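Student: Below is the structure I would like to discuss, written out as structure tokens.
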Amino acid sequence: MSKGKFVKRVFCRIWFPGLKSFIVNAGVEELWVSAWDHAEPHEFYRPLLLSCPVTKAPAPVAVAVISEPCQEPSNVFLLNSTSDSKNFVICLKPLNFWHDISLKLLEWMELQFLLGADRIAVYKYHLHPRTLKMLQTYEIQRRVTIIEHTLPGLNPKNAQDLGEILTRDVWQKRRHEMLVYNDCFYKHIKSHKYVVNIDLDESIIPLKHQTWMTLLEYVRTQNSKILNSASVSVPNVYFFENFADESNASVPKYFNMLRHLRRSANFTPPGFAQKSFFPTQYALTVANHYALKALHPSIRTNTIINKNRAQMHHYRASCPPKMEKECHENYMKYQTRDPTLLRFKDKLIENVFLKIKELNISDLVTNDVL
């Protein structure tokens, strides 16, 4: 991160087998699109991607970032060449919750695992002790990675002040999140085929397949090149809480997604609020909705899957800020029942029940705490 526009030169010292090293100029790229907002040169902490060009064989074993060519490095990053070749990792932007969100988080995570997530990387500012303990149980089982995160500089570290700052300045908040999305992407480029950036109120749901992988395999059979993109997106549709929930005795009332089966009849337009699968072999930089840049100029930045095959369920209490009028006119006015999620109901309820028993948090169920 840089405070204001970054204007300094940066160098990379790269080590190869045998401890021979070379110094090269680092490429510096701001992880942002200038058209999103106008910012003066001194404004905002800005996320940066540093690139160290390598033209020599064999592959390097370590790299350091330095500010002068002959400087003794104070940092060394070891490069791991191994690959686990898992399918999907979800990157969850930093959580900051005083209250207990265990049940809501539990339903959401178990749904992602049913759909094909191998691991969920959870960035964390602050969590209720019980929620954190639940996540740590998943971490022991190697299904979740908890990554402690703080804001740069003199920004506050406590949850309440953090919440106020992140709510007050939306453009700075989004820049902070861009750092996390790309950090998580690069953490998993060797271990996973796809990175998925979604929030706790979102889920990518296949309409005619049981998992993300079978969905993508079908898409590939229809067009062999469609997945050769830096991001493969799914159209967004809103499930608003005030559309009422389902009074179905077979679904316990502490389930949030399973009980909200009414959505807007209208999807948001292409490019708006969609979420994506990011192929780690094709993307260079990513955002929350789609890739910013592809790894090579010949690769498409974005492809959208037909809404007849998959949809991005977005569960919201109300319309997104700054588009309330448009939201009410286009989405709140028109609703329809959508039972798609019920295809996963029995297995999802079973898995959540088993986890509640394992975690010994049945008191939350008894007291109907959401």
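The values are calculated or read from the model by the stated rules, or taken from the named source; none is laboratory data. Bear in mind the structure is a predicted one, so any value in this text is a computation, not a measurement. All Cβ positions, glycine included, derive from the backbone under ideal geometry; neighbour counts span all protein chains shown. Calculation scope for accessible area: heavy atoms of the full protein, side chains included, ligands and nucleic acids excluded. Shrake-Rupley method; radii C 1.70, N 1.55, O 1.52, S 1.80 Å.
Student: Pick from LEU354, LEU364, LEU348: which is among the hydrophobic types (A, V, I, L, M, F, W, C) and out of contact with any helix residue (DSSP H, G or I) (no Cβ under 8 Å at 6 or more places or on another chain)?
Tutor: Values: LEU364 fails: out of contact with any helix residue (DSSP H, G or I) (no Cβ under 8 Å at 6 or more places or on another chain); LEU348 fails: out of contact with any helix residue (DSSP H, G or I) (no Cβ under 8 Å at 6 or more places or on another chain).
None of the other options fit; the residue is LEU354.
Student: Another question, if that's okay. Looking only at the stretch 121-154, how many residues end up being in contact (Cβ under 8 Å) with a residue 24 or more places away in the chain, out of contact with any Pro (no Cβ under 8 Å at 6 or more places or on another chain), within 30 Å of PRO321 (Cβ to Cβ) and not β-branched (Val, Ile, Thr)?
Tutor: Total meeting the criteria: 11.
Student: Okay, next question. Taking into account only those residues within the stretch 184-208 that are more than 14 Å from GLN112 (Cβ to Cβ) and out of contact with any Ser or Thr (no Cβ under 8 Å at 6 or more places or on another chain), which is surrounded by the most Cβ atoms within 10 Å (Cβ to Cβ)?
Tutor: Taking the stretch 184-208 as the starting set, the residues that turn out to be more than 14 Å from GLN112 (Cβ to Cβ) are 184-191, 193, 207-208.
From what is left, the residues that are out of contact with any Ser or Thr (no Cβ under 8 Å at 6 or more places or on another chain) are 184, 186-187, 208.
On the way: CYS184: 24, TYR186: 14, LYS187: 16, LYS208: 12.
This residue is CYS184.
Student: In addition: Look at the stretch 103-130 and say how many of its residues are over 19 Å from the mean Cα position of the chain (by Cα) and either of a type in the set (A, V, I, L, M) or open to solvent by less than 10 Å² (accessible area, probe 1.4 Å) (or both). Give the derivation first.
Tutor: Quick first cut of the stretch 103-130, residues over 19 Å from the mean Cα position of the chain (by Cα) only: 103, 128-130.
Cutting the leftovers down to either of a type in the set (A, V, I, L, M) or open to solvent by less than 10 Å² (accessible area, probe 1.4 Å) (or both) gives us 103.
Going through the stretch 103-130 one residue at a time, the tally reaches 1.
Student: In addition: Would you mind finding the one in SER85, SER67 that is at positive phi and either among the charged types (D, E, K, R) or open to solvent by 30 Å² or more (accessible area, probe 1.4 Å) (or both)? If you could, list the steps in order and put the result at the bottom.
Tutor: On the way: SER67 fails: at positive phi.
Exactly one of SER85, SER67 is at positive phi and either among the charged types (D, E, K, R) or open to solvent by 30 Å² or more (accessible area, probe 1.4 Å) (or both), namely SER85.
Student: Answer with yes or no whether LYS253 is in a loop (DSSP other than H, G, I, E, B) and open to solvent by 10 Å² or more (accessible area, probe 1.4 Å). So that I can check it myself, show each step before the final result.
Tutor: Numbers: in a loop (DSSP other than H, G, I, E, B): yes; open to solvent by 10 Å² or more (accessible area, probe 1.4 Å): yes.
Criteria met by LYS253.
Student: Among the residues in the stretch 141-154, are any assigned to a helix (DSSP H, G or I) and open to solvent by less than 10 Å² (accessible area, probe 1.4 Å)?
Tutor: no
Student: Restricting the stretch 283-333 to residues that are at pLDDT below 90 and in a loop (DSSP other than H, G, I, E, B), which is most open to solvent (accessible area, probe 1.4 Å)?
Tutor: LYS322
Student: Right, another one. Could you list, in sequence order, all residues of the stretch 49-100 that are over 30 Å from LYS133 (Cα atoms) and among the aromatic types (Phe, Trp, Tyr)?
Tutor: PHE77
Student: Working only within the stretch 155-197, note down all residues that are modelled with pLDDT under 90, over 15 Å from SER2 (Cα atoms) and not in a helix (DSSP H, G or I).
Tutor: Listed by number, the residues that qualify are PRO156, LYS157, ASN158, ASP169.
Student: Pick from the stretch 209-241 the residues that are over 17 Å from PRO279 (Cβ atoms), touching a helix residue (DSSP H, G or I) at 6+ places or on another chain (Cβ under 8 Å) and not in a strand (DSSP E or B): which of them is least open to solvent (accessible area, probe 1.4 Å)?
Tutor: Taking the candidates together, the pick is HIS209.
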